[in-house]
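Undergrad: Here it is, the structure, as structure tokens.
The values are calculated or read from the model by the stated rules, or taken from the named source; none is laboratory data. Keep in mind it's a predicted model, so treat the numbers as computed, not measured. When we count neighbours, we look across all protein chains shown, and the Cβ atoms used for this are built from the backbone with ideal geometry, even at glycine. What goes into the accessible areas is simple: the full protein's heavy atoms, side chains included, and nothing from ligands, DNA or RNA. Shrake-Rupley method; radii C 1.70, N 1.55, O 1.52, S 1.80 Å.
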Amino acid sequence: MNLFDVYPLYNITPVKALDCTITDENGVEYLDLYSGHGVISIGHTQPDYVAKLKNQLDNLGFYSNAIQNPLQVELAEKLGKLSGCEEYSLFLCSSGAEANENALKLASFHNGKSRVIAFDNSFHGRTSAAVAVTDNKKIVAPINAQQVVTFLPLNDLDLVEAELKKGDVCSVIIEGIQGVGGLDEGTTEFFQGLEKLCNQYEAVLILDEVQSGYGRSGKFFAFQHHNIKPDIITLAKGMGNGFPLGGILIAPKFTASHGLLGTTFGGSHLACAAGIAVLDVIENQKLIDNVNDVYGYFLEAIKQVPEVVKVKGKGLMLGVEFDFEVGPLRKKLIVEKLIFTGSANNKNLLRILPPLTVKKEAIDTFLIALKESLAELKAVDTVSI
């Protein structure tokens, strides 16, 4: 049997990793400034995390949600305290797409409506309703397109209100900071306006923090930069540091009932152990302070590179924008300079999403490699001309 060929692959085979370093089968070490789409939050194979998972696996890895699981309660309590969202309730699942599916479903149950407002260049997942509210027609199959979704530009409250006035909008879903779309984000005025309009027109405000949450933006959630309280918050990626774990935080105005939501693997004993370990490390190692410290250093240091047009995003969820397509630059960084970075729908943008443990020395290494790569690419262009 062959693998279904849907991923373009670099010829790199990692076999082990530690913190921000990945080692391949030939012993070559790479600096990881991408964290596998922002998944690795507390560093690869973090010792406390590994120990907690091993210990849990020695005792009980999985049973269904039909029994008591005190680890779920512990995870919810720690998450509420560390995030400042103690008044919310937690529903656990296994991925960001599943989190957004459940958020959209819960919103529709709540108000009996079905149309969704999403935003240009959004990405919310690859399944059913989650992909329907993703602004990429290439990955939306006809069966997904049955969902009624209206896409609007960011930062235009008048257009949002015009749609909400029609009375059929179930929810408004927005990323705290856009990921795949290219690190664009709403202004504080826009986020606060969305909150007000959703309350006014009885629509549910869903904040997709799947990538921008868990400290990556310099606050626990990116929406906290704007002083708002969403109705539902979706999370995954950094939540499990590589273990499949997602969830939604649900405001008190929603009423739970048995069978309303459900999942097979979400909230398993092993998943909860991973989630608890991540929160403990974020808190004990003061990783959000590190995010802000390295972010400030990055913004100042990147000024050394005149080819950079703009830096987008916040914290360690960054996009470095140029006035040319960065595909060859990204390939050179990976293959020759041994540094992982990411791409986006914006072809002129390098995405920088390192583990939250990253040090300033790693930023220095990146900047040296970036300047060398830009000079080498420029030299090739000159020769070819």
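Undergrad: Please name all residue pairs, on different chains or six or more residues apart, with Cβ atoms under 6 Å, provided the first residue is in segment 145-166 and is of a type in the set (Ser, Thr, Tyr) and the second residue is open to solvent by less than 60 Å² (accessible area, probe 1.4 Å).
TA: Short answer, once both residue conditions are applied: Thr150/Ile117; Thr150/Glu163.
Undergrad: Which one of these does Ala273 not meet: (1) out of contact with any Ser or Thr (no Cβ under 7 Å at 6 or more places or on another chain); (2) under 23 Å from His124 (Cα atoms); (3) surrounded by 24 or more Cβ atoms within 10 Å (Cβ to Cβ)?
TA: The one condition Ala273 does not meet is (2).
Undergrad: Anything in segment 227-237 that is open to solvent by 10 Å² or more (accessible area, probe 1.4 Å), in a loop (DSSP other than H, G, I, E, B) and in contact (Cβ under 8 Å) with a residue 40 or more places away in the chain? List them, or say none.
TA: Answer for segment 227-237, where residues must be open to solvent by 10 Å² or more (accessible area, probe 1.4 Å), in a loop (DSSP other than H, G, I, E, B) and in contact (Cβ under 8 Å) with a residue 40 or more places away in the chain: just Asp231.
Undergrad: Next up: For segment 345-371, what are the residues that are of a type outside the set (S, T, N, Q) and more than 23 Å from Gly296 (Cα to Cα)?
TA: Residues of segment 345-371 of a type outside the set (S, T, N, Q): 347, 349-356, 358-364, 366-371.
Hit for segment 345-371 is Lys347, nothing else.
Undergrad: Condition test on Gln146, is it in contact with a His (Cβ under 7 Å, 6 or more places away or on another chain) and either surrounded by 15 or more Cβ atoms within 10 Å (Cβ to Cβ) or at pLDDT below 95 (or both)? Break it down into steps so the answer makes sense when it comes.
TA: Working: in contact with a His (Cβ under 7 Å, 6 or more places away or on another chain): no; either surrounded by 15 or more Cβ atoms within 10 Å (Cβ to Cβ) or at pLDDT below 95 (or both): yes.
Criteria not met by Gln146.
Undergrad: Considering only segment 366-373, I want to know if a residue exists there that is polar (S, T, N, Q), open to solvent by less than 40 Å² (accessible area, probe 1.4 Å) and either part of a loop (DSSP other than H, G, I, E, B) or under 30 Å from Ser94 (Cβ atoms) (or both). Full working, then the answer.
TA: First pass over segment 366-373, keeping only residues polar (S, T, N, Q): 373.
If we keep only those that are open to solvent by less than 40 Å² (accessible area, probe 1.4 Å) too, we end up with 373.
So of that shortlist, the ones also either part of a loop (DSSP other than H, G, I, E, B) or under 30 Å from Ser94 (Cβ atoms) (or both) come out as none.
No.
Undergrad: Among (1) of a type in the set (Gly, Ala, Ser); (2) surrounded by fewer than 20 Cβ atoms within 10 Å (Cβ to Cβ); (3) touching a strand residue (DSSP E or B) at 6+ places or on another chain (Cβ under 6 Å), which single condition is Ser217 missing?
TA: Answer for Ser217: the failing condition is (2).
Undergrad: Looking only at segment 69-84, decide whether some residue is basic (Lys, Arg), over 28 Å from Phe223 (Cα atoms) and surrounded by 10 or more Cβ atoms within 10 Å (Cβ to Cβ).
TA: If we filter segment 69-84 for residues that are basic (Lys, Arg), which is where we start, we get 78, 81.
Now narrow it down to the ones that are over 28 Å from Phe223 (Cα atoms): none.
No, that holds for no residue.
Undergrad: If you go through segment 24-34 one residue at a time, do you hit one that is surrounded by fewer than 22 Cβ atoms within 10 Å (Cβ to Cβ) and of a type in the set (Gly, Ala, Ser)?
TA: Within segment 24-34 (the criterion being surrounded by fewer than 22 Cβ atoms within 10 Å (Cβ to Cβ) and of a type in the set (Gly, Ala, Ser)), the answer is yes, since at least one residue qualifies.
Undergrad: Just a yes or no: is a residue in segment 333-356 crowded, with 20+ Cβ neighbours inside 10 Å, part of a helix (DSSP H, G or I) and on the phi < 0 side of the Ramachandran plot?
TA: There is at least one residue in segment 333-356 that is crowded, with 20+ Cβ neighbours inside 10 Å, part of a helix (DSSP H, G or I) and on the phi < 0 side of the Ramachandran plot.
Undergrad: Further question on the same structure: Those residues that are more than 21 Å from the chain's Cα centre (by Cα) and of a type in the set (A, V, I, L, M), I need them from segment 109-151; list them, please.
TA: Within segment 109-151, Ala141, Ile143, Ala145, Val148, Val149 meet the criteria.
Undergrad: Taking the condition open to solvent by less than 40 Å² (accessible area, probe 1.4 Å), over 26 Å from Gly80 (Cβ atoms), part of a helix (DSSP H, G or I) and of a type in the set (Gly, Ala, Ser), does Ala301 pass? Full working, then the answer.
TA: Values: open to solvent by less than 40 Å² (accessible area, probe 1.4 Å): yes; over 26 Å from Gly80 (Cβ atoms): yes; part of a helix (DSSP H, G or I): yes; of a type in the set (Gly, Ala, Ser): yes.
Yes, satisfied.
Undergrad: Looking at Glu195, Glu209 in this structure, which one is touching a Ser or Thr at 6+ places or on another chain (Cβ under 8 Å), charged (D, E, K, R) and without any contact (Cβ under 8 Å) to a residue 60 or more places away in the chain? Don't jump to the end; show me each part of the working.
TA: On the way: Glu195 fails: touching a Ser or Thr at 6+ places or on another chain (Cβ under 8 Å).
None of the other options fit; the residue is Glu209.
Undergrad: Being of a type outside the set (Phe, Trp, Tyr) and farther than 26 Å from Ile276 by Cβ is true for just one of Ile206, Ile232, Ile248, Ile228. Which residue is that?
TA: Values: Ile206 fails: farther than 26 Å from Ile276 by Cβ; Ile232 fails: farther than 26 Å from Ile276 by Cβ; Ile248 fails: farther than 26 Å from Ile276 by Cβ.
On inspection, the qualifying residue turns out to be Ile228.
Undergrad: Just checking, how many residues over segment 120-143 are assigned to a helix (DSSP H, G or I), of a type in the set (A, V, I, L, M, F, W, C) and open to solvent by 40 Å² or more (accessible area, probe 1.4 Å)? Talk me through it step by step, then tell me what you get.
TA: The initial filter retains those residues of segment 120-143 that are assigned to a helix (DSSP H, G or I), namely 128-132, 137-139.
From the residues that got through so far, the ones that are of a type in the set (A, V, I, L, M, F, W, C) too are 129-132, 139.
Retained after the next criterion (residues that are open to solvent by 40 Å² or more (accessible area, probe 1.4 Å)): 139.
Summing the residues that are assigned to a helix (DSSP H, G or I), of a type in the set (A, V, I, L, M, F, W, C) and open to solvent by 40 Å² or more (accessible area, probe 1.4 Å) in segment 120-143 gives 1.
Undergrad: Read through the list (1) open to solvent by less than 10 Å² (accessible area, probe 1.4 Å); (2) in a helix (DSSP H, G or I); (3) among the hydrophobic types (A, V, I, L, M, F, W, C), then give the number of the only condition that Ile288 fails.
TA: Of everything listed in (1) open to solvent by less than 10 Å² (accessible area, probe 1.4 Å); (2) in a helix (DSSP H, G or I); (3) among the hydrophobic types (A, V, I, L, M, F, W, C), Ile288 misses just condition (1).
Undergrad: Moving to a separate point now. Only residues that are surrounded by fewer than 22 Cβ atoms within 10 Å (Cβ to Cβ), in contact (Cβ under 8 Å) with a residue 60 or more places away in the chain and charged (D, E, K, R): list them for segment 94-119, please.
TA: Lys105, Lys113 - these are the residues of segment 94-119 that are surrounded by fewer than 22 Cβ atoms within 10 Å (Cβ to Cβ), in contact (Cβ under 8 Å) with a residue 60 or more places away in the chain and charged (D, E, K, R).
Undergrad: Scan segment 241-270 for residues that are within 16 Å of Ala97 (Cβ to Cβ), in a loop (DSSP other than H, G, I, E, B) and open to solvent by less than 20 Å² (accessible area, probe 1.4 Å) and jot them down.
TA: Leu245, Gly266
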